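Below: one structure, written as structure tokens.
Just so it is clear, none of the values below were taken in a lab; they were calculated from the coordinates. Since the structure is predicted, the reported quantities are computational estimates derived from the model, not experimental observations. A quick note on method: Cβ atoms are made from the backbone with ideal geometry, for glycine too, and the neighbour counts reach across all protein chains shown.
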Amino acid sequence: MPTSLRILHVASEMVPFIKTGGLADVVGALPKALNGLGHDARVAIPLYRSVRRKAEALGLTWSEHPLVIEAGGVDHRVGVGTVELDGTTVYLLACDELFDRDGIYGPSAGMDYDDNARRYAVFSKAALALPGMLGWVPHFIHAHDWQTGLIPALRERGFQRTLPATRTVFTIHNIAYQGAFWHFDMKLTGLDWSLFNPLHLEHYGRLNCLKAGVVFADRVTTVSRRYAEEIQLPEFGSGLDGVMRANAFKLRGITNGIDTAEWNPWTDEALPTRFDLRRPGGKRACKEELRTELGLVAAGQPALVAVVSRLVEQKGIDLVVAAVEPYILAGRMQLVVLGSGDTHLEHRLRQLQTRHPGWVHAWFGYNEELAHRIIAGADLFLMPSRTEPCGLTQLYSLRYGTLPLVRYTGGLADTVTDVASGSGNGFTFGPMDYGHFSSVLDRALGLYEHFPVEWKQAMKRAMGADHSWEQVAAEYVEMYREIMFVG
Ligand code: ADP
């Protein structure tokens, strides 16, 4: 068996080129970490309009001949650009009539382009044609999320002759997004109509790209161990729980890592004072600076409690708004919120701020540097998500000694253990209701106020854990080897 594996990651997003969610972070970090372990991992993403300038700045070069990809009787010319990024080769697949647009998935947030089925069918086929053009045949094609869900099906039923020994892995980053299209889009795939049945590509009358990936991939992974269990249940499966149960034999959860260079409290340039596990003193200064920056009053030493999140129902922000007021009135906590999203949640947070000037600060919008300063300065970080495939901010908080208070779900359950266990690093609760959330918040504030030694011990355990991508990449390698073609 070869010691160095060849892996082509195919995805619709990758940091630093294009990001709308956690998928981009994984695709930016995992191939790099695999290369660090001595493998040959490369990436293919679409060349969106906003990606072109960044790629050109990095020395984009073009292949001589474009690929010609057929979809529904129309030929698309797909140019192949290449960029080297920190030792990782990235292929940028260019098809201007499909990807040279202002938006990524639609003309504005929450809207989809009408031809998304065509856009990602062409992208998937082009990614499968890439090895032939390069003369570089990967052992694995690792496809991410619905946009590349057709790849395992096409490898199995279309490209089996050109890539006979290549195995496919499909990773689900969020099962709620499935790429479901009307049945006539089957013709874009070039796959046989006989596959349009409930065991394969059809789901309640529609072509379902995520299901195609799950059914045909040699292995399916998702971004935390707990989420791999949860998506087999109706409550979390977004209608695909039965499909996940049927494919549980090849499903595995691998919890994401974090970029430990960007999120390192000892080297973080956004912070007024640096600190780490061995030199924790600077954290207090970060807290005081943050209170000054955000205009919070210095009244005694209430816990500084933070939220950095998309402000949407999934994240449980409604519970935060409903539960915190008695604790603020009692002088036990101050609240800092950074986020943007649903207008009704922003409105309720604004009202909270108006009622408690100097005790609540809400900052609406996206602000990377402020996110670092809040996570560094806070004592407690709230993440009462209804569902959470993995979650990153609780991992950043752990590294910065800010104890996370989370709902016991998905990646939050994998990474946060309640201090009540005697060896925990945060606080957890189960049922998604006001009573359970309020009582765990009361318990967390109580520990902060009355048990400083226990609090510090929990902080140390939080800061000492290893959530680096090197660890995670090793788990992926183990999984790749399990399904390696030996012939
Ligand atoms: P999700 O991908 O569901 O939004 P994650 O916790 O996996 O949740 O990742 C969220 C990422 O976005 C983190 O890197 C977090 O710090 C960042 N983030 C979210 N909202 C903001 C904001 N308003 N300003 C800056 N960073 C933000």
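Please list the non-local residues whose amide H lies under 5 Å from the amide H of Val360, H modeled 1.01 Å from N, same-chain partners needing a gap of 5 or more. Residues meeting the amide H criterion: Leu335.
Which of the peptides 249-255, 106-112 is most tightly packed, and how do the rest follow, judged by the mean count of other Cβ atoms within 10 Å per residue?
On the way: 249-255: 18.3, 106-112: 10.0.
Answer by packing, highest mean first, reads 249-255, 106-112.
I need the shape label for the range 247-323. Rule: rounded when a/c is under 1.5, else prolate if a/b > b/c, else oblate, with a, b, c from the alpha carbon gyration tensor. In terms of gyration-tensor shape, oblate. Mean residue ellipticity, 222 nm, helices only, the chain: the sum of -39500 (n - 2.57) across DSSP H runs of n ≥ 4, divided by residue count and rounded to 500, is -11000 deg cm²/dmol.
Amide H to amide H, with H built 1.01 Å from N, Gly106 comes under 5 Å of Tyr113, counting only residues 5 or more places away or on other chains.
With contacts defined as alpha carbon pairs under 8 Å and 6 or more residues apart, what's the relative contact order of the range 282-466 in percent?
The normalised contact order for the range 282-466 reaches 21 percent.
Pairs of Cα atoms nearer than 8 Å and 6+ residues apart set the relative contact order; for the range 235-351 it is 18 percent.
Does the range 117-267 come out rounded, prolate or oblate by the C-alpha gyration tensor, with a ≥ b ≥ c the root eigenvalues, rounded set by a/c under 1.5 and, if not, prolate when a/b is larger than b/c and oblate if not? Because a/c hits 1.5 or more and a/b fails to exceed b/c, the range 117-267 counts as oblate. In percent, rounded to a whole number, the relative contact order of the chain is 12, using alpha-carbon pairs under 8 Å and six or more apart. Each residue of the range 262-269 was assigned a 3J(HN,Hα) from its phi angle through the Karplus curve 6.51 cos²θ - 1.76 cosθ + 1.60 (θ = phi - 60°); the sequence is 6, 10, 10, x, 8, 10, 6, 6 Hz, with glycine and proline shown as x.
With viscosity set to 1.306 mPa s and temperature to 10 °C, compute the Stokes-Einstein D of the chain, Rh being the Kirkwood radius across alpha carbon pairs; µm²/s, no decimals. Diffusion coefficient, whole number: 67 µm²/s. Taking θ as phi - 60° and the Karplus parameters 6.51, -1.76 and 1.60, the scalar couplings of the range 76-82 work out to 10, 8, 10, x, 10, x, 10 Hz in sequence order, x denoting glycine and proline. For the range 364-369, 3J(HN,Hα) computed residue by residue from phi via the Karplus equation (6.51, -1.76, 1.60; θ = phi - 60°) reads 9, x, 10, 8, 4, 5 Hz, glycine and proline entered as x.
Within the range 45-86, the ratio Rg/Rh, alpha carbon atoms throughout and Rh by Kirkwood, equals 1.05. When each of the peptides 264-271, 206-213 is scored by the mean number of other C-beta atoms lying within 10 Å of its residues, the order from highest to lowest reads 206-213, 264-271.
At R0 = 25 Å, how high is the FRET efficiency between Glu482 and Arg157 if r is their beta carbon distance? Nearest 0.05 is fine. With R0 = 25 Å, the Cβ-Cβ based efficiency is 0.60. Each peptide in 312-319, 144-151, 217-224 gets a packing score, the mean of other Cβ atoms within 10 Å over its residues, and the list from highest to lowest is 144-151, 217-224, 312-319. With the biggest extent put first, the Cα atoms of the range 282-466 measure 39, 33, 31 Å across the principal axes. Pairing the Cα long axis of helix 434-450 with the longest principal axis of the chain, what angle in degrees results, from 0 to 90 and rounded to the nearest 10? Roughly 60 degrees between the two axes.
Residues whose amide H comes within less than 5 Å of that of Ala44, counting only those at least five positions distant or on another chain, are His9, Val10, Ala11, Tyr91 (H built at 1.01 Å from N in the peptide plane). Checking the cross-link pairs Lys32/Lys283; Lys19/Lys287; Lys125/Lys250 against a 28 Å limit on the alpha carbon distance flags Lys32/Lys283; Lys19/Lys287 as lying beyond it.
Against the main long axis of the alpha-carbon atoms of the chain, helix 343-355 sits at an angle near 10°. Counting only DSSP beta bridges with both residues in the chain, the antiparallel share comes to about 30 percent.
List the aspartates and glutamates whose Cα sits under 12 Å from the Cα of Lys460, skipping any in the same chain fewer than 8 residues away. Hits, sequence-local ones excluded: Asp276.
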